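As structure tokens, the structure follows; a few thoughts come after it.
Please treat every number below as a calculation from the coordinates, not as lab data. These numbers were taken from a predicted model, which means no experiment stands behind them. Methodologically, a virtual Cβ is constructed for each residue, glycine included, from the backbone with ideal geometry; neighbour enumeration extends over all protein chains shown.
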Amino acid sequence: MQPIRYVIVGNGAAGVTAAETIRHQDPMGEITIVSAEPYPMYSRPGLAYLLINEIPRQQVFARQPEWYQQMCINLLFGLAERLDVDQQQVILGDGRILPYDRLLIATGARAVPPPYPGAELKGVVYLDTLDGTLALVKQAKRRRRAVVIGGGITALEMTEGLAHNGVDTHYFLRRNRLWSKVFNDTEASLLEKRMRDHHINIHYNTEATEILGDRKGRVRAVRLEDGREFKCDIVGVAIGVKPQIDLIQNSPIKTDRAILVNEFMQSSQRNVFAAGDCAQVYDRWTNKHTLDILWPSAVAEGHAAALNMCGQQIPYEKGSPFNACLLYGLHITTMGQINPHQDDDSDEGPEVMQYLSRGSSEVWYTYPRHYASAWSNDGENTLRLVLDGDYLVGALIVGEQSTADPLRYIIENRINFREVHPDLSIGGLALKRSLQQFWSNLNRNQAGSYPNPQNIIIE
Ligand SMILES: Cc1cc2nc3c(=O)[nH]c(=O)nc-3n(C[C@H](O)[C@H](O)[C@H](O)COP(=O)(O)OP(=O)(O)OC[C@H]3O[C@@H](n4cnc5c(N)ncnc54)[C@H](O)[C@@H]3O)c2cc1C
């Protein structure tokens, strides 16, 4: 019998997880990964740490070249340009043709350029790929004044990275609150204080309309909405990402904002699967096909796609989204439906939201049906809980993180939270104490069945 030919386009979290899973399921299968970037797999979230010199370049690689050899995975560098679903072939930019029996598209998402003139100028940078990040570090060493544009985590990470590299950094925000789609006023002010301590100049309600260049095609300024020019020599852009699905243009594969897949990660073509940032997956939390630009989701989707490519019929069940990040030394964890600020008159609700940020899930921005929220604030530590009836559906934790794993477990397993209800409206330490009690009762009553019965710290 001929070995099955598996072709995976994309060498990121989804693609590599899928290749590894296939190898375990089908030791004889022929596995080829196509990568547009000439590197073994690296960690995209790690790029933010590379930017602030928290890790050396070598540490960003999640796989070494030998790993591919040991796993008998053929890693091909090149751009997959076209897909012929009738012939079952992937056509590369240099003319190479790869026939497949099962294909996985795991091409990820890329930063979108600014929607106004100037995107092509030297000095416009993105925190997106390894090459882009190395270019950003190099440019930061030579530039004096930066403007960063964008409202999400990536823009914030960029401000930190540029300031860390000695650049006078100005952060332009359209709105009047940091990370306004997610943070409330208190959460935002905690981060704001840290940013000001690091000498970041925050410009609220400020919008760029054009990036201006000099005669040599280098950034010289940014034009503002009121017509003023703001001098700078580097512009960091992080206004969102777009799934990379050029490969399937002119193919019959169905898309919405990304490749639509069913619960088996299968596209509208039987032998073509998709996973990670380029896939739009059914989401049990919102009952819709959503975008989920998160590393753990890409890993889980790559794993599920591979099992189904190997002939198993295992539906993928999307977990509650989770992200932990470190900004200016402040730990921030986001999970489930966080429900943005109630009085936010944002016109960028989930329905019209054009682009999603890196490290972000659409689920965060959806409102639970019977929404209620509880709040605890103690110095630099805050905890926000979001409830749908008797169930916890989301949480945002800033600072002390001992509640993160317990809350994630309670959300993910839909554990009834009614017992804690009376203390929710009191908030503050009472809420945290109640949570601590609830968690230790849960551990006691279900001894052994909880994976990580860690303690919740109160003071
Ligand atoms: C700076 C930064 C910070 C982040 N922080 C977090 C975080 O804190 N938490 C979190 O959960 N997530 C974070 N993310 C998001 C996370 O990294 C992504 O969700 C995840 O990497 C998606 O994996 P993927 O495999 O779908 O795509 P990717 O990792 O983007 O991989 C796509 C692969 O496809 C290749 N490719 C694309 N097109 C082609 C083509 N036509 N032909 C051949 N190869 C192609 C690319 O070269 C790449 O190898 C962050 C991302 C960035 C950039």
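What to note about this one:
- Value at 222 nm in deg cm²/dmol, rounded to 500, when DSSP H runs of n ≥ 4 in the chain each add -39,500 (n - 2.57): -7000 deg cm²/dmol
- Neighbourhood net charge (14 Å Cβ-Cβ; Lys/Arg +1, Asp/Glu -1) for ALA80: -3
- Inverting the pair-averaged 1/r between distinct Cα atoms of the chain gives 23.5 Å as its Kirkwood hydrodynamic radius.
- DSSP-defined antiparallel bridges as percent of all bridges, the chain, nearest 5: 60 percent
- Alpha-carbon centroids, segment 237-315 and segment 19-92: separation in whole Å: 17 Å
- Its relative contact order, with pairs defined as Cα atoms under 8 Å and 6+ residues apart, puts segment 124-239 at 33 percent.
- Computed log₁₀ I(q)/I(0) - Debye formula, equal Cα scatterers, no solvent, segment 322-445, q 0.10, 0.23 Å⁻¹: -0.31, -1.52
- 4 °C / 1.567 mPa s Stokes-Einstein diffusion coefficient of segment 210-278, Kirkwood radius on C-alpha pairs, µm²/s: 84 µm²/s
- Under the Karplus curve 6.51 cos²θ - 1.76 cosθ + 1.60, θ = phi - 60°, whole-Hz ³J(HN,Hα) for segment 76-83, x wherever Gly or Pro sits: 10, 8, x, 9, 6, 9, 8, 10
- Radius 10 Å from Cβ of TYR39, net charge of other residues (Lys, Arg +1; Asp, Glu -1): -1
- Trypsin sites (Lys or Arg not before Pro), loop per DSSP, at most 14 other Cβ atoms within 10 Å - longest free stretch of the chain: 1-95
- Residue pairs exceeding 24 angstrom between C-alpha atoms, taken from LYS181/LYS288; LYS141/LYS216; LYS181/LYS242; LYS181/LYS231; LYS242/LYS288: LYS181/LYS231.
- Length-normalised contact order for the chain - Cα pairs under 8 Å, 6+ apart - percent: 13 percent
- Given charges at Cβ of Lys, Arg, Asp, Glu: the chain dipole, positive-most of GLY161, ALA404, TYR371: GLY161
- The equivalent ellipsoid that matches the C-alpha gyration tensor of segment 191-323 spans semi-axes of 41, 20, 12 angstrom, in descending order.
- Cross-link reach list, aspartates and glutamates versus LYS122, counting only Cα pairs under 12 Å and skipping chain neighbours closer than eight places: ASP214, ASP233
- Most positive-pole-ward Cα, TYR204, LEU130, ALA188, against dipole of segment 124-239 from beta carbon charges: LEU130
- When the Cα atoms of segment 124-239 are aligned to their principal axes, the ranges along those axes come out at 44, 33, 23 Å in descending order.
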